[in-house]
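Enquirer: Can you keep this structure in mind? I'll have questions shortly.
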Amino acid sequence: MPDFRLYNTMTRSAEAFAPQDGRTVRMYTCGPTVYNPAHLGNFRTFLFEDLLRRTLRLAGWNVLQVMNITDVDDKIILRADKAALTIKEVTEPVTATFQKDREFLRIEPAEVYPKATEHIGEMIALVQQLLDKGLAYQAEDGSVYFAIARFPSYGRLSRLDTRTIRPGARVIADDYNKEDVRDFALWKAAKPEDERTHAAWDSPWGRGRPGWHLECSAMAKRYLGDTLDIHGGGVDLIFPHHEDEIAQSEGASGVTFSRFWCHGEFLLTDGEKMAKRIGNVMNVADLRESGIGAAALRHFVFSVRYRQQLNLTEDALEASQRAVRRVGEFAARLSTATRGTAGLADAADTLERDAKAALFDDLNAPQAVAALFDFIRRANAELDQASGTDLSGLERARAAFATVNGVLDIVPDAPAIDSQLESWIATQLSNREQARARRDFTTADGIRRELEARGIAIEDTPLGTKWKKVR
Ligand code: AMP
Ligand code: ZN
């Protein structure tokens with residue numbers, strides 16, 4: 001059992017972590033609200049969760065991750081109504097974009113992506129349970145609210161003094177129906193725009209739709225049971241969203257909702273939180289247009305610990321691009337090397353030991369990245385002088401590199417080479433070889449320069465001339 005430490009927002013300290021059943025980590029992570037493509041801020045959080053799940057597996061556990069798709073909410077309804085569409089017509093293409101963007105960024109898929117609109121039955125059952133227990137009440141307008149005053153432990157996660165809690169940005173303040181301004185909606189009575197956009201369902205309390213917090217409590221229970229090992233999200237979800245999830249789930253079940261609460265810090269642009277409403281967002285489409293790949297973005301995100309804010313700048317992205325190019329060159333060299341040294345095995349052991357220690361210490365990704373670059377320096381030096389056929393050292397190096405890169409995943413995609421270019425290169429190389437055979441070095445050098453002008457670097461080796469695309 002590895003010594004695995006994870007910071008728990010509930011206790012405000014790093015604690016030893018292991019899944020409750022010793023085998024499978026049951027993890028719930030709040031997913032995107034699909035009214036607009038997710039931006040890089042959202043993806044910073046999803047990348048932190050990707051790092052978490054890959055590290056948990058490195059520690060030897062299985063992971064069962066559930067990420068909800070919020071496909072009914074105020075902003076979705078507003079957008080649908082403005083465009084005379086149903087919510088489904090708005091959310092389906094955005095959900096498809098989310099999955100494509102996620103795949104582009106090499107974020108491993110969660111095991112389940114439940115949609116809120118497909119779990120209305122579970123949500124109604126949860127509201128009914130809370131009503132039966134006297135923790136919720138129906139107001140005159142038909143909406144159902146959670147009664148915070150009847151749940152004394154409310155505020156434990158955010159450590160807010162409940163007497164001073166004011167409605168947050170996502171709490172609707174215009175309700176005179178509530179017993180207490182702090183109460184939040186479990187079920188919202190349908191308004192005409194909800195009906196127009198097909199965002200209303202029948203319930204024992206009349207037509208309506210679920211509140212945002214309710215979906216996570218209901219779907220977490222449906223797929224993971226009453227007690228999760230880990231619940232994750234961005235820091236902005238601590239209050240009110242996660243606080244309200246706890247109230248609903250623990251109010252209904254009477255047991256701890258999640259053993260660990262893990263929150264990732266914000267991605268900033270120019271020192272301000274990246275957010276749609278501020279208008280400073282960059283999304284994956286913008287990233288791809290700038291020619292920045294998944295490996296570079298992952299390197300950039302993992303260059304700072306997940307609990308620290310991270311500022312997005314062009315310089316930082318370019319530095320990451322340069323860094324991963326080195327990783328890519330090394331990966332290619334390592335995979336084609338035919339000679340090894342005993343020193344490679346030693347470097348590999350050091351890499352694996354240091355990277356694991358860093359990652360198991362509350363996901364210290366920057367330190368794991370540093371260990372990888374140390375390894376690349378050392379291994380390159382070993383390969384430079386490798387003359388022996390110590391293949392076991394080479395195998396060790398390949399395995400350790402694959403293990404650590406299996407978590408970070410920062411080897412860039414090989415630039416696409418079209419077949420026309422490839423056959424042109426082959427012709428050039430054979431012309432060059434013939435020129436060299438007849439000792440016509442002027443022609444041979446000319447061909448080399450022509451190749452370089454097209455971004456192709458060549459290298460003469462005992463096994464023949466090799467080429468690679470460098471631009
Ligand atoms: P939303 O689609 O708004 O529900 O957000 C999806 C996830 O992205 C949540 O876990 C948020 O906490 C997270 N998030 C939103 N903005 C940022 C940001 N600028 N940096 C990091 N995470 C963010
Ligand atoms: Zn949630």
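Enquirer: Could you list, in sequence order, the residues of segment 246-269 that are assigned to a loop (DSSP other than H, G, I, E, B), open to solvent by 10 Å² or more (accessible area, probe 1.4 Å) and more than 16 Å from ligand 1 (Cβ to nearest atom)?
Expert: Within segment 246-269, Gly254, Val255, Thr256 meet the criteria.
Enquirer: Name the residue that is most open to solvent (accessible area, probe 1.4 Å), counting only residues in segment 19-34 that are of a type outside the set (Lys, Arg), away from ligand 2 (no atom under 16 Å from the Cβ) and in contact (Cβ under 8 Å) with a residue 24 or more places away in the chain.
Expert: Gln20
Enquirer: Pick from segment 196-209 the residues that are of a type in the set (Lys, Arg) and not in a helix (DSSP H, G or I): which of them is least open to solvent (accessible area, probe 1.4 Å)?
Expert: So the residue we want is Arg209.
Enquirer: While we're on this one: Among the candidates Thr55, Thr45, Thr11, single out the residue that is more than 16 Å from ligand 1 (Cβ to nearest atom) and under 19 Å from the mean Cα position of the chain (by Cα).
Expert: Residue meeting the stated conditions: Thr55.
Enquirer: Additional query: Assuming Arg102 fulfils every condition listed in (1) under 18 Å from Ile246 (Cα atoms); (2) surrounded by 15 or more Cβ atoms within 10 Å (Cβ to Cβ) apart from one, which condition is it?
Expert: Arg102 satisfies every listed condition except (1).
Enquirer: Being open to solvent by 60 Å² or more (accessible area, probe 1.4 Å) and either modelled with pLDDT under 95 or in a helix (DSSP H, G or I) (or both) is the filter here; which residues of segment 70-94 pass it?
Expert: Within segment 70-94, Asp74, Lys75, Leu78, Arg79, Lys82, Lys88, Glu89, Glu92, Pro93 meet the criteria.
Enquirer: Next question, about the same structure. Please go through segment 181-200 and pick out each residue that is closer than 17 Å to Ile76 by Cα and among the aromatic types (Phe, Trp, Tyr).
Expert: Trp187, the sole residue that qualifies.
Enquirer: Consider Val304 carefully, then state whether it is away from ligand 2 (no atom under 16 Å from the Cβ) and surrounded by fewer than 19 Cβ atoms within 10 Å (Cβ to Cβ).
Expert: For Val304, the condition - away from ligand 2 (no atom under 16 Å from the Cβ) and surrounded by fewer than 19 Cβ atoms within 10 Å (Cβ to Cβ) - is met.
Enquirer: Can you give me the number of residues within segment 179-195 that are among the charged types (D, E, K, R), crowded, with 19+ Cβ neighbours inside 10 Å and not in a helix (DSSP H, G or I)?
Expert: Residues that pass the stated criteria total 3.
Enquirer: Tally up the residues in segment 210-245 that are among the hydrophobic types (A, V, I, L, M, F, W, C), within 16 Å of ligand 1 (Cβ to nearest atom), at pLDDT 95 or above and buried (at least 20 other Cβ atoms within 10 Å of the Cβ), please.
Expert: Selection size over segment 210-245: 7.
Enquirer: Name the one entry in Glu289, Glu215, Glu250 that is within 16 Å of ligand 2 (Cβ to nearest atom), over 24 Å from Asp71 (Cβ atoms) and charged (D, E, K, R).
Expert: Sole residue among the options that is within 16 Å of ligand 2 (Cβ to nearest atom), over 24 Å from Asp71 (Cβ atoms) and charged (D, E, K, R): Glu250.
Enquirer: A follow-up question, please. Give me the pairs, please: first residue somewhere in segment 428-439 and farther than 16 Å from Arg454 by Cβ, second residue anywhere and modelled with pLDDT under 90, beta-carbon distance under 8 Å, and either six or more positions apart or on two chains.
Expert: Glu433/Thr465
Enquirer: Another question, if that's okay. Give me the residue from segment 35-68 that is among the polar types (S, T, N, Q), touching a residue at least 60 places away in the same chain (Cβ under 8 Å) and away from ligand 2 (no atom under 14 Å from the Cβ) and, out of that set, most open to solvent (accessible area, probe 1.4 Å).
Expert: Asn36
Enquirer: Further, regarding this structure: State all residues of segment 416-471 that are among the small types (Gly, Ala, Ser), surrounded by 11 or more Cβ atoms within 10 Å (Cβ to Cβ) and assigned to a helix (DSSP H, G or I); if no residue qualifies, say none.
Expert: Ala426, Ser430, Ala435, Ala444, Gly446
The values are calculated or read from the model by the stated rules, or taken from the named source; none is laboratory data. Note that the structure is predicted; figures quoted are calculated from it, not measured. Glycine gets a Cβ as well: all are built from the backbone with ideal geometry, and neighbour counts include every protein chain shown. Accessible surface areas use protein heavy atoms only, side chains included; no ligands, DNA or RNA. Shrake-Rupley method; radii C 1.70, N 1.55, O 1.52, S 1.80 Å.
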